[in-house]
Amino acid sequence: MTDEMKRFHNRPYFFDKGIRFECRRCGLCCTGNPGTVYVSRSEILSIAEFVNLSQPDFTSEYLYPFRDSFSIKKHQDGRCFFHTDNGCLIYPVRPRQCMTFPFWFENMRSEKRWQYISDECPGIGDGPLYSKAHILEIIQSE
């Protein structure tokens with residue numbers, strides 16, 4: 001671990017004692033507010049295979065160019081193309097961005113922002129305990 005990373009690990013955070021979280025698959029993070037769900041090239045291959053489409057067909061039907069790769073298209077109401085009344089259709093192979101929610105930098109940078117997210121997400125406060133070290137690893141892997 002570099003000296004800079006040690007500095008981040010050694011400073012106090014509101015989540016020093018860890019945070020419990022377990023995805024309830026409620027879809028609140030998949031619907032409503034507009035956002036960008038980045039998918040890497042390796043994730044595209046996994047998802048295309050999972051939905052039984054060729055990579056080119058999957059890309060043209062469900063993605064749009066974003067940065068150095070793609071993002072998942074949304075419906076008019078802001079809902080992810082893969083979110084239905086039955087939940088996420090690609091949950092087992094969902095993008096890393098989806099897997100790491102709610103432990104995103106913008107959510108963890110202040111206790112006020114975390115409280116806002118906690119009020120929205122029913123999985124926060126339940127499930128396994130994520131340690132401070134694990135949360136920092138997730139944030140740093142973004």
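The values are calculated or read from the model by the stated rules, or taken from the named source; none is laboratory data. All figures in this text were calculated on a predicted structure; none of them were measured in a lab. Here Cβ is always computed from backbone atoms with ideal geometry, including for glycine, and neighbour counts include all displayed protein chains. Side chains included, ligands, DNA and RNA excluded: accessible areas come from the protein's heavy atoms. Shrake-Rupley method; radii C 1.70, N 1.55, O 1.52, S 1.80 Å.
Quick one: divide the alpha-carbon radius of gyration of the chain by 2.2 N^0.38 Å and tell me what you get.
Values: Rg = 16.5 Å, N = 142, 2.2 N^0.38 = 14.5 Å.
In units of the 2.2 N^0.38 Å rule of thumb, it is 1.14.
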| query | Gaussian network model of the chain, Cα springs within a sub-10 Å range: biggest mean-square fluctuation belongs to which of R67, R94, R41? | reply | R67
| query | Counting only protein heavy atoms, what percent of the accessible surface of the stretch 1-113 is carbon or sulfur at a 1.4 Å probe? | reply | 51 percent
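Let me know the number of lysine pairs in the chain closer than 18 Å at the Cα, not counting same-chain pairs under 8 apart.
Details: K6/K17; K6/K132; K17/K112; K17/K132; K112/K132.
Count of close lysine pairs: 5.
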| request: Mind jotting down the distance between the C-alpha centroids of the stretch 114-129 and the stretch 37-97, whole Å? | output: 25 Å
| said: Can you give me the long-range amide H partners of F66? Hydrogens built in the peptide plane at 1.01 Å from N, cutoff under 5 Å, separation of 5 or more residues or another chain. | reply: S71
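Around R24, what is the net charge, scoring Lys/Arg as +1 and Asp/Glu as -1 over all other residues with Cβ under 13 Å from its Cβ?
Values: positive: R20, R25; negative: E22, E120, D126.
Net charge around R24: -1.
Could you work out the local net charge near W114, counting Lys and Arg as +1, Asp and Glu as -1, over the other residues with Cβ closer than 14 Å to its Cβ? Present the calculation step by step, with values, prior to reporting the outcome.
Values: positive: K17, R20, R109, K112, R113, K132; negative: D16, E106, E111, D119, E120.
Around W114, the surrounding residues sum to +1.
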| field | Nearest-0.05 FRET efficiency for N10 and H75, computed from C-beta distance (R0 30 Å) | value | 0.10
| Ratio Rg/Rh [Cα only; Rh per Kirkwood] for the stretch 64-142 | 0.98
